[in-house]
Amino acid sequence: MPRRKGAPEVNAGSMADIAFLLLIFFLVTTTIETDAGLDRMLPPIEPPDTDVIIKQKNIFTVNINRNGQLLVEDNLMEIKDLREAATAFLENGADGTCSYCKGRKNPSSSDNPTKAIISLKNDRETKYSTYITVQNELVGAYNDLRNREAQRLFGRDFTKMEAEYLNPETPSSVRDELKDKVKRIQDMFPQKLSEAETTTN
Amino acid sequence: MAKFTKKKDGDLPAVSTASLPDIVFMLLFFFMTVTTMKDSSLMVANTLPNASEIKKLEKKDRVIYIYVGTPTQEYQKVFGTEPKIQLNDKFANVDEVGTFILAERAKKPQELQNVLTTALKVDKDANMGLITDIKQQLREVNALKVNYTTYEGDAFNNLQ
């Protein structure tokens, strides 16, 4: 009697299980790489048309030397104290027009958060890691203040609101709502971080 | 002819494998979406510093990468041990950064050309002198939005 059947069928029922196992394994282990870092704007190359006169007391100078030491407002300072000093400077509010500031209103420090400028200078020999740490602390000072005000006004952190606003997956209705809030907080403490050209000495 | 086709009762019914292609396709699509093509291999040491106040770099198509660091072992004989700039697949001098940015910008679609970010992936042991020169170059070509790419972590770990 001739054989009618072809090759016997292989039982592939468990193949789906194996595929799922693989899928779950990769789902768990894969990290979708997104880069993150400190966002900064560089100053434009052409100088502004009108010379703006800035009072010395509205500038918070931070100098980093080649050994990674900090000179803040002509005093030597440890990096770990920098955030606190910058925060105190930003919300000093000497002219009394800033209703949300909790600073000491020291007349020899900044007038108003909208006028306060942080100036960062570094040496050519400064290590990049030190520079990033200092940048991080200065951005951190801004973020701390913004978070505080956002908590008071809207009951949530500014950094979270901004991240949600910038996330392209957020629905546009939520984005529009967040836009005003983010803008309002940003206007309360505008980030004015100037980076002058590096000194060579 | 029922006599011939009758099956024995104890036989397992064959499991349908009709869904198998679906599963394989699912896997395939998963990897297709997740995989990021590495368009340039690193020729410099690139241990980024840590920072805590970071923002995510969304939308990869709007980012131009610049790598800085000491050349890796195999390139050290030729290029020395001083930190170098890597643009795409080759080492470059500082004065080539500007033209590189302009060339990369021209490759992007028109509507993205004004919203590009330059991601600086700089090794933590590099000196600021080189970075300052790069920043000056970026200013000259009006690429003002930069991102100092870092790892997430405590910034004070950098100082050790």
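Every number here is computed from the coordinates shown, using simple stated rules; none is lab data. These numbers come from a predicted model, not from an experiment. Positions of Cβ are backbone-derived with ideal geometry, glycine not excepted, and every protein chain shown enters the neighbour counts.
For the reader, a short list of remarks on this structure follows.
- In this structure the amide hydrogen of A:Arg156, modeled in the peptide plane, comes within under 5 Å of the amide hydrogens of A:Gln151, none closer than 5 places in sequence on its chain.
- Selected from A:Leu145, A:Leu42, A:Leu82 as most flexible by GNM, with chain A as the system and alpha-carbon contacts under 10 Å: A:Leu42
- Of A:Lys179/B:Lys121; A:Lys55/A:Lys121; B:Lys90/B:Lys121, those spanning more than 22 Å from alpha-carbon to alpha-carbon: A:Lys179/B:Lys121
- Whichever aspartates and glutamates have a C-alpha closer than 15 Å to that of A:Lys127, once near sequence neighbours (fewer than 8 apart) are set aside: B:Glu82, B:Asp123, B:Asp125, B:Asp133
- Of the GluC sites (Glu not before Pro) found in the stretch B:53-160, those in coil by DSSP whose Cβ has at most 16 other Cβ atoms within 10 Å are B:Glu58.
- Chain A: DSSP helices with Cα axial extent of at least 15 Å and average Kyte-Doolittle hydropathy no lower than 1.6: A:15-29
- Mean separation of Cα contacts under 8 Å, 6 or more apart, over the residue count of chain B: relative contact order %: 29
- Ranked B:Lys56, B:Lys135, criterion: other C-beta atoms within 10 Å, fewest first: B:Lys56, B:Lys135
- Under a 5 Å amide H cut-off, with hydrogens placed 1.01 Å from N, A:Asp123 pairs with A:Ile64 among residues at least 5 apart or on other chains.
- Cut-off under 5 Å, modelled amide H: who pairs with B:Thr118 long-range: B:Ile64, B:Lys145, B:Val146, B:Asn147
- Relative contact order (percent, whole number), chain A, Cα cutoff 8 Å, 6+ residue spacing: 20
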